[in-house]
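One structure is given below, encoded as structure tokens.
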Amino acid sequence: MDIPTSKDPLEGKTLEMLLNELVAEYGWQELGQIIRVNCFNENPSIKSSLTFLRRTPWARSKVERLYLKTLRRKKREQKKTI
């Protein structure tokens, strides 16, 4: 039996997972420079950022796009090392 799989890299990922991965990759300071929102620049925390991002669709969209861009970059780098 074939199990359908989605090609959407965001499927099954929560906003908190995305944010944690981006903070681990870039850190708060660089993340705040890439996506200019106060929740990343002034006293940043996962909790306050999640609250803001859940209420602000344009900011959430920027976070999702950065996550996808980061995944593509990592895949390219991985292919170069193989």
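Restricting the search to the range 43-64, which residues are under 13 Å from GLU21 (Cα atoms) and of a type outside the set (A, V, I, L, M, F, W, C)? Matches in the range 43-64: GLU64 only.
If you go through the range 29-49 and keep only what is buried (at least 17 other Cβ atoms within 10 Å of the Cβ), in a helix (DSSP H, G or I) and either free of Cβ contacts under 8 Å to residues at least 12 places away in the same chain or out of contact with any Gly (no Cβ under 9 Å at 6 or more places or on another chain) (or both), you end up with LEU31, GLY32, SER49.
Restricting the range 50-82 to residues that are touching a residue at least 40 places away in the same chain (Cβ under 8 Å) and of a type in the set (Val, Ile, Thr), the residue that is surrounded by the most Cβ atoms within 10 Å (Cβ to Cβ) is VAL63.
Counting only residues that are assigned to a loop (DSSP other than H, G, I, E, B) and in contact with an Asp or Glu (Cβ under 8 Å, 6 or more places away or on another chain), the range 9-28 holds 1 of them.
Being within 17 Å of LEU50 (Cβ to Cβ) and either surrounded by fewer than 17 Cβ atoms within 10 Å (Cβ to Cβ) or out of contact with any Phe, Trp or Tyr (no Cβ under 9 Å at 6 or more places or on another chain) (or both) is the filter here, so list the residues in the range 10-22 that pass it. Correct list: LEU10, LYS13, THR14, LEU15, GLU16, MET17, ASN20, GLU21.
Can you pull out every residue in the range 1-56 that is among the acidic types (Asp, Glu) and either farther than 19 Å from ARG73 by Cβ or touching a helix residue (DSSP H, G or I) at 6+ places or on another chain (Cβ under 8 Å) (or both)? The answer is ASP2, GLU11, GLU16, GLU21, GLU25, GLU42.
Across the range 57-82, the qualifying residues are those that are modelled with pLDDT of 90 or more and of a type in the set (Val, Ile, Thr), and the one among them that is farthest from LYS13 (Cα to Cα) is THR70.
The values are calculated or read from the model by the stated rules, or taken from the named source; none is laboratory data. Nothing here was measured: the structure is a model prediction, and the numbers come from that model. Please note: Cβ atoms are built from the backbone with ideal geometry, for glycine as well, and neighbour counts cover all protein chains shown.
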